[in-house]
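Engineer: Starting off with a structure, shown below.
Derivation of every value follows stated rules applied to the coordinates shown; laboratory data play no part. Here the structure is a predicted model, which is why all the values come from computation and not from measurement. Cβ: placed from backbone, ideal geometry, glycine included. Neighbour counts: every protein chain shown.
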Amino acid sequence: MEAESIESLTPLLQSADRWSELLLLLPLLVALEAVLSADNAIALAAISRRLHDRARQEMALNLGLLLALVFRIGLILAARWVLNFWPLELAAAAYLLWLCGRHLVLVVQGKEEGGGATAAPGPAASAAAAPPALNAGLGGVVATLALTDLAFSLDSVAAAVAVSDRISLVIAGGVIGVIALRLTAELFIRWLERYRHLETAGYLAVGLVGLRLLLRLGLPDLVPPEWLLLLLVAVLFAWGFSERNPEQAPLAEGD
């Protein structure tokens, strides 16, 4: 979810018909992007962690989000033809639901294999928990990051194009969104190592976004209001930050 997809902001953005007025709104939009893109950012952080090396994680985020920006600009320029193409929205919803479901299956399998015990935190535990099929390398992770952001972008790009016919302004919003994602994803990489439930909470939020897209296609009357979706995401993240992983004891010299 991103700032452009919040319908209550539409009158505010439409009333700002001068660049000076839009510049006054910029800090608000940047702050909203940072907060509302948390579900997207945590998914990107979890995907990049599969590389198990901080330098490669940062490189994957940089390259993946650069490719994602290219995709977003392409969506904006082709919005008139692409955004009303329902198979694309269906594919995006299915992909987000698949991401959520796959993570939940892996969590259940991990609990069954570990007899309900929780693995010790740290790089070794993260490597053990990562999906083997997605450990192919940097290129695969970069492509997955870009596709994930593309699936998240459909809703926000459609809303942004509906709000303003200034292509340059919409593209500027896309750039701000990607920068906010890069900064928040970096934070979430660290937080995922500290909080036991945060990754699962993030993937559940991803599932909510996918479900919302699916309902919009098939049952538009059942699409939840924006305040309810925001409340559900806030509850999920409160649960995600509710419990820390136990601290690892430092190794004694000679161990």
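Engineer: How would I167, I47 line up from fewest to most surrounding beta-carbon atoms within 10 angstrom?
Structural biologist: Going from sparsest to densest Cβ surroundings: I167, I47.
Engineer: Which FRET efficiency, nearest 0.05, do E58 and D221 yield, Cβ-Cβ r, R0 35 Å?
Structural biologist: Efficiency computed from Cβ-Cβ geometry: 0.20.
Engineer: I would also like to ask the following. Order of 233-243, 96-106, 219-229, 175-185 by packing, highest average Cβ count within 10 Å first?
Structural biologist: 175-185, 96-106, 233-243, 219-229
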